[in-house]
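The values are calculated or read from the model by the stated rules, or taken from the named source; none is laboratory data. A quick note: this is a predicted structure, and the numbers were derived from the prediction, not measured. For neighbour counting, all protein chains shown are included, and Cβ atoms are generated from backbone atoms with ideal geometry for every residue, glycine included.
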Amino acid sequence: MWFLHPKKNNANKIKPAVGLAAPQIGHNLKMYYIRIEETDEETENKKIIEHAMINPKIIGKSEQIACIEEGEGCLSVNGDKEGFVLRSFRIIIEGYDYLKQQQVTITARGLEAIVFQHEQGHLEGNLYYDLINKTEPWMKKSDWIIL
Ligand SMILES: [Zn+2]
């Protein structure tokens, strides 16, 4: 997964990628890698969220919907499919984290939860644009969290 529109401070205009799943590079394995860099706007402290998941499973999802404001992008999809991609705001995920070398149960919220759901989709054969409203892609409901 990557962000469609780079933030203003990305001088190189490179689409920042945040995740890659094994099937995207020709491996029929239930694995993906996630790396999200977040900068706290006040303190400018950098926080890195990183997981290398093997056989992950989403075991819980919130009813609360969240979407990324500018939509989602993907290495495996030609051209940008624009619109809000409806995801759960909070998920619980179980699997083996290769970086930690142990079985983990992770509660993820917000952007981290969205990236997990995007990459999990690659293991389950669905792509982000399946989750965009076909007739009104940018329609939003007031109780959705837009990130
Ligand atoms: Zn993708």
### Message
If PHE84 meets every condition in (1) within 16 Å of ALA17 (Cβ to Cβ); (2) away from the ligand (no atom under 13 Å from the Cβ); (3) crowded, with 18+ Cβ neighbours inside 10 Å apart from one, which number is that one?
### Response
(1)
### Message
Six or more apart or on different chains, Cβ atoms under 6 Å: show the pairs whose first residue is in the stretch 20-34 and under 17 Å from TRP2 (Cβ atoms) and in a strand (DSSP E or B) and whose second is within 11 Å of the ligand (Cβ to nearest atom) and among the hydrophobic types (A, V, I, L, M, F, W, C).
### Response
TYR32/ALA21; TYR33/LEU20; ILE34/VAL115
### Message
Taking the criterion of being surrounded by fewer than 19 Cβ atoms within 10 Å (Cβ to Cβ) and more than 18 Å from the chain's Cα centre (by Cα), would at least one residue in the stretch 103-116 satisfy it?
### Response
yes
### Query
Is the stretch 54-67 home to any residue that is surrounded by fewer than 12 Cβ atoms within 10 Å (Cβ to Cβ) and at pLDDT 95 or above?
yes
## Note on the structure
Every listed condition ((1) in a strand (DSSP E or B); (2) over 22 Å from MET139 (Cα atoms); (3) out of contact with any His (no Cβ under 7 Å at 6 or more places or on another chain)) holds for GLU42 save (1)
### Message
Considering only the stretch 111-119, I want to know if a residue exists there that is polar (S, T, N, Q), within 12 Å of the ligand (Cβ to nearest atom) and either in contact with a Leu (Cβ under 8 Å, 6 or more places away or on another chain) or not in a loop (DSSP other than H, G, I, E, B) (or both).
### Response
yes
### Message
Can you tell me which residue is farthest from the ligand (Cβ to nearest atom) among those in the stretch 19-49 that are among the charged types (D, E, K, R) and loosely packed, with under 12 Cβ neighbours inside 10 Å?
### Response
GLU42
### Filter result (over 17 Å from TRP144 (Cα atoms) and β-branched (Val, Ile, Thr)) within the stretch 81-106
ILE92, ILE93, VAL104, THR105, ILE106
## Note on the structure
Filtering the stretch 50-81 down to residues that are within 14 Å of the ligand (Cβ to nearest atom), in a loop (DSSP other than H, G, I, E, B) and touching a strand residue (DSSP E or B) at 6+ places or on another chain (Cβ under 8 Å) yields ILE68, GLY71, GLU72, CYS74, LEU75, ASP80, LYS81
### Task
Filter the stretch 120-147 for residues that are part of a loop (DSSP other than H, G, I, E, B) and among the hydrophobic types (A, V, I, L, M, F, W, C) and give the result.
LEU127, TRP138, MET139, TRP144, LEU147
### Query
What number of residues within the stretch 95-119 satisfy the criterion of being acidic (Asp, Glu) and closer than 21 Å to LEU75 by Cβ?
2
